[in-house]
Amino acid sequence: MGRLVNSSFAAFDYRTKFGSRWFPSPIFTASGCAGSGKELAQFFALEELGAVVTKSIAIKARSGRPTPRMAETPSGMLNSIGLQGPGIDQFLEVDIPWLASHGARTIVSISGESVEEYASLSRRLRGVSSISGIEVNISCPNVENRGLVFACDPVASKEVVQAVRRNLGGEFPIIVKLSPDVTDIVEIARTVVEAGADGLALINTVLGMVIDIDTHRPKLAGKTGGLSGPAIRPIAVRAIYQVHAALPKVPILGMGGVMSGRDALELVFAGASGISIGTATFGNPAAVMKVKSELATLLKERGFNSFLDAVGVAHER
Ligand SMILES: Cc1cc2nc3c(=O)[nH]c(=O)nc-3n(C[C@H](O)[C@H](O)[C@H](O)COP(=O)(O)O)c2cc1C
């Protein structure tokens, strides 16, 4: 009996691939929703994840945006936390060795306010052997262009990705995270792939606002914030589907409102080669493990022997 169970597990190949790197599971954390993994390590072994995707790291330590910076919405949350974090020096000294010592594969998310900041972060990460990839968060305001978000500007997006590629070398996969707040996400996706991205992360939060009807003012001190959770899942499915249709060979790390294996399967069928879980983690720190086992069960029930065989099947006629 034991042998039978083992052989049925061995028959299912749950691995996925971004660039030249294989990951043993397609379930990742989402940047900003699990810090650098320390809190989650109390609930499960981090090596169970495809990788921990860290909170976006900047050159210098930052305290984020003013409070209040969280608001509830009917099926998601609005946040304006901003880029709160220790800065690259402390991150390299403390967080990266901690993650490595706990057996975690790590994808480092980076964010900058200028092309030079992305370049400089990439130089610092070059040759850090314990990391498995870089996620480039380009949903940040470009101080050199009136605060226009990089991800909404094809020219600036291209410059950032070229700078990251040049300064990082070819050692790690570069996954570029796009914003859904654009007219044509396929255009931005094509641009960053031509500039050297090995993969794409879709989607970042959707810009929203909540008004407090008692104070007559926006609830968030920053006025607008990023909407995440189940409310944005259909936007994620649409963005992943459109980009996979245009660029079927480019692996996509899909995210946006995944709370269960069923939700993850929808993104996989749309074209995601990996799934990041963000908001669900705030309600259940072990949500990533729940999604991991539910998704495997659903795939096996549908006769898939390999996770990668299921990627993009919604496109087949
Ligand atoms: C509180 C919070 C902080 C976030 N911080 C970051 C961040 O630092 N960098 C980033 O690229 N995305 C950040 N995100 C976006 C998530 O990584 C993810 O793209 C988005 O929330 C959609 O996934 P979800 O619905 O599963 O949360 C953040 C989201 C939340 C809710």
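The values are calculated or read from the model by the stated rules, or taken from the named source; none is laboratory data. Not measured: the values here are computed from a predicted model. Neighbour counts run over all protein chains shown; Cβ positions are idealised from the backbone, glycine included. Accessible surface is based on the protein model in full, side chains and every heavy atom, while ligands, DNA and RNA are left aside. Shrake-Rupley method; radii C 1.70, N 1.55, O 1.52, S 1.80 Å.
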Here the percent of antiparallel bridges among DSSP beta bridges lying wholly in the chain, to the nearest 5, is 45
Where a ≥ b ≥ c are root eigenvalues of the Cα gyration tensor, a/c under 1.5 meaning rounded, otherwise prolate if a/b exceeds b/c and oblate otherwise, the stretch 17-138 counts as oblate
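Which entries of LYS60/LYS158; LYS17/LYS300; LYS38/LYS249; LYS158/LYS290; LYS60/LYS290 have Cα-Cα distances beyond 31 Å here? Provide the component values of the computation, followed by the final result.
On the way: LYS60/LYS158 24 Å; LYS17/LYS300 20 Å; LYS38/LYS249 34 Å; LYS158/LYS290 37 Å; LYS60/LYS290 35 Å.
Checking Cα-Cα distances, LYS38/LYS249; LYS158/LYS290; LYS60/LYS290 exceed 31 Å.
Return the carbon/sulfur percentage of the accessible area of the chain, one whole number, probe 1.4 Å, all protein chains in place. Could the numbers behind the result be given before it?
Working: 7330 of 13890 Å².
Solvent-exposed carbon and sulfur of the chain make up 53 percent of the total.
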Accessible surface, per residue, of the chain when the full set of protein chains is kept, probe 1.4 Å, Å² | 44
Please give the length that would be gained between ASP13 and ARG123 if that part of the chain were fully extended, namely 0.36 nm times their separation in residues minus their C-alpha to C-alpha distance (nm, one decimal).
-> 36.1 nm
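How much length, in nm to one decimal, is gained on full extension between ALA314 and ARG62, taken as 0.36 nm per residue of separation minus their Cα-Cα distance? Walk me through the numbers on the way to the answer.
Details: separation 252, 0.36 × 252 = 90.72 nm, distance 4.19 nm.
Length gained between ALA314 and ARG62: 86.5 nm.
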Does the chain classify as rounded, prolate or oblate by the C-alpha gyration tensor (a ≥ b ≥ c root eigenvalues; a/c under 1.5 gives rounded; else a/b over b/c gives prolate, otherwise oblate)?
-> rounded
Which of ALA221, ALA236, ILE174 sits farthest toward the positive end of the charge dipole of the stretch 151-239, with +1 on the Cβ of Lys and Arg and -1 on the Cβ of Asp and Glu?
-> ALA221
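Order 231-243, 77-89 from most to least packed using the mean count of other Cβ atoms within 10 Å.
Numbers: 231-243: 21.5, 77-89: 19.4.
Highest to lowest by the protection proxy: 231-243, 77-89.
Give me the number: length gained by fully extending SER293 to GLN42, i.e. 0.36 nm times residue separation minus the C-alpha to C-alpha distance, one decimal in nm. All intermediate terms of the calculation are to be shown ahead of the outcome.
Details: separation 251, 0.36 × 251 = 90.36 nm, distance 1.86 nm.
So the chain would gain 88.5 nm between SER293 and GLN42.
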Sequence-distant residues sharing a close amide H with VAL210 (under 5 Å, placed H) = LYS219, LEU220
Label model pair ARG166, ARG217: point-to-point distance (7 angstrom along the Cα→beta-carbon line) in nm is 4.5
Rank these residues by their accessible area, most exposed first, probe 1.4 Å: THR73, THR297, THR29, THR67.
-> THR67, THR297, THR73, THR29
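With only Lys, Arg, Asp and Glu charged, each at its Cβ (+1 for the first two, -1 for the last two), find how big the charge dipole of the stretch 179-230 is about the Cα centre; round to the nearest 20 debye. Walk me through the intermediate numbers first.
Details: 4 positive and 7 negative charges, 54 e Å.
Dipole size: approximately 260 debye.
Taking the Cβ-Cβ separation of ARG238 and ASN305 as r and a Förster radius of 25 Å, what is the calculated FRET efficiency to the nearest 0.05? Write out the running numbers ahead of the final one.
Numbers: r = 29 Å, r/R0 = 1.15.
FRET efficiency, ARG238 to ASN305: 0.30.
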